[in-house]
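S.K.: What follows is a structure written as structure tokens; I'll ask about it next.
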Ligand SMILES: [Zn+2]
């Protein structure tokens, strides 16, 4: 990087004066500051996204949610009941009340 800059400086200014060098150094320092500011901004954005991801429920937490279980009962014509079983039960409200 340093050698590249020196090459660039030699090509641009065959015999740079002290003032020209100081001016170029000052300009590069401004650019460096701008780039650092952009890096800080992007890092802040990345951190925001990572924080948002970290606050999302884990997939394991989702599995603890109530799972819809189909009722184990049968209708009067012998078909499997199509209702969802009540939480913590194998039967829906209708078939549970019969037992
Ligand atoms: Zn049922």
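The values are calculated or read from the model by the stated rules, or taken from the named source; none is laboratory data. In this text the structure is predicted, and so the values were computed from the model without any measurement. No Cβ is skipped: glycine too gets one built from the backbone with ideal geometry, and neighbour counts run over all protein chains shown.
S.K.: Just checking: which of the helices (runs of 4 or more DSSP H) contained wholly in the chain hold 1 or more residues that are within 23 Å of the chain's Cα centre (by Cα) and at pLDDT 75 or above?
M.R.: The helices (runs of 4 or more DSSP H) meeting that bar are 18-55.
S.K.: Still on this model: Quickly run through region 87-97 and pick out the residues that are more than 9 Å from residue 69 (Cβ to Cβ) and more than 9 Å from the ligand (Cβ to nearest atom).
M.R.: Answer for region 87-97, where residues must be more than 9 Å from residue 69 (Cβ to Cβ) and more than 9 Å from the ligand (Cβ to nearest atom): 88, 97.
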